[in-house]
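Okay, structure first, notes after.
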Amino acid sequence: MEVKRTVENFVKTKKLMTMVAMITFILFLVSCLNKTATQTASNTPDYCQLNLETPNSQSNVDGAFNAQMTLVPLTIDGCSKDSIWKSADWYSMNYVWLGEPVDSTDYHGRFKLAWDSQFLYILVEVIDEHLNPTLANGKENYWKGDYVEVFLDEDRSGGIHQYNHQAFAYHVSTEGHVIDKGASQETIFFDNHIEVVRFQEENRHLWEMAIKLFDDQFDENSTDNVPVKILNKKSIGFSIAYGDNDGNNNRENFMGSKMTHGINNDDGYINSDVFGSILFIE
Ligand SMILES: [Ca+2]
Ligand SMILES: [Ca+2]
Ligand SMILES: [Ca+2]
Ligand SMILES: [Ca+2]
């Protein structure tokens, strides 16, 4: 009898210990989940959090935009806290140049423009559910990873620019490289032309850029190139686009700021006749 009671007590105690262990484990899991949520939130400074209100962005068939002058140089940190970004308009970059029409979870893009005498500033906001790096070492297949392409023609001359520098088609990669063809017909980096910092919050991506303007005298073999100073009322050739790769090792879509962009909407990297424009205003 005594032995039976002892066995029963032992079984009860064991069940109790198992329950206590399970409850402790569940409490531990809950505490871990809370910690993860807190860490994610605390890694995102308040001023970096993207503004979820979505005022309409302006579409412009001809891709002709205004850039507002900023009196304060911007901080290129991928955050939109700079005061000029609060007042500048959102412009749309959602004309489908290549690929099938997209829904707003696959891609949606818009941008703002600002300037001072030294830089053209661009803030790009892109919704993209898969951010894919440029393939290979960044130079290979540089138009096939997710990237922002900035087309610039400093004097609005128009014309062929594929292997000269009277205009540029800067491919800005997820790694922060700036890539285009050189006069030698080789693919080269122009990393010191554009300072870029990206910021990501889930499927939203901010690309903040400060861009130097170079004229047609730019020499890729010289270290003495001097950027052009930007003045009020100056106008340049400009378009902007996003190449969307969602894991198929290719550019599945190409979406831009102007309704059309030349032959197959893919003429911008060759011919600056197809660019839209920016007017710099005070
Ligand atoms: Ca900033
Ligand atoms: Ca996508
Ligand atoms: Ca030119
Ligand atoms: Ca993508």
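The values are calculated or read from the model by the stated rules, or taken from the named source; none is laboratory data. Predicted model, so just to flag it, every value in this text is computed and none were measured. As a convention, Cβ positions derive from the backbone with ideal geometry for all residues, glycine included, and neighbour counts pool all protein chains shown.
If only one of Gly158, Gly145, Gly176 is touching a helix residue (DSSP H, G or I) at 6+ places or on another chain (Cβ under 9 Å), within 27 Å of Arg204 (Cβ to Cβ) and part of a loop (DSSP other than H, G, I, E, B), which one is it?
Numbers: Gly158 fails: within 27 Å of Arg204 (Cβ to Cβ); Gly145 fails: touching a helix residue (DSSP H, G or I) at 6+ places or on another chain (Cβ under 9 Å).
That would be Gly176, the only listed residue that is touching a helix residue (DSSP H, G or I) at 6+ places or on another chain (Cβ under 9 Å), within 27 Å of Arg204 (Cβ to Cβ) and part of a loop (DSSP other than H, G, I, E, B).
Just one of the numbered conditions (1) part of a loop (DSSP other than H, G, I, E, B); (2) under 17 Å from the mean Cα position of the chain (by Cα); (3) among the hydroxyl-bearing types (Ser, Thr, Tyr); (4) away from ligand 2 (no atom under 16 Å from the Cβ) is not true of Ser104; which one?
Going through the list (1) part of a loop (DSSP other than H, G, I, E, B); (2) under 17 Å from the mean Cα position of the chain (by Cα); (3) among the hydroxyl-bearing types (Ser, Thr, Tyr); (4) away from ligand 2 (no atom under 16 Å from the Cβ), Ser104 breaks only (4).
Give the residues of segment 190-206 that are buried (at least 22 other Cβ atoms within 10 Å of the Cβ) and farther than 20 Å from Lys139 by Cα, sorted by residue number.
His205
Could you pull out the residue among Ser239, Ser257, Ser222 that is away from ligand 2 (no atom under 16 Å from the Cβ) and farther than 21 Å from Val172 by Cα?
Working: Ser239 fails: farther than 21 Å from Val172 by Cα; Ser257 fails: farther than 21 Å from Val172 by Cα.
After applying the criteria, what remains is Ser222.
Can you tell me how many residues in segment 35-76 are modelled with pLDDT of 95 or more and either among the charged types (D, E, K, R) or outside any loop (DSSP other than H, G, I, E, B) (or both)?
Of the residues in segment 35-76, 7 are modelled with pLDDT of 95 or more and either among the charged types (D, E, K, R) or outside any loop (DSSP other than H, G, I, E, B) (or both).
For segment 156-185, how many residues meet the condition of being within 16 Å of ligand 1 (Cβ to nearest atom) and of a type in the set (D, E, K, R)?
0
To keep it simple, each residue is scored yes or no on (1) within 16 Å of ligand 4 (Cβ to nearest atom); (2) more than 24 Å from Ser92 (Cβ to Cβ).
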site	(1), (2)
Lys229	no, yes
Lys234	no, no
Asp246	yes, no
Asn250	yes, yes
His261	no, no
Asp267	no, no
Phe275	no, no
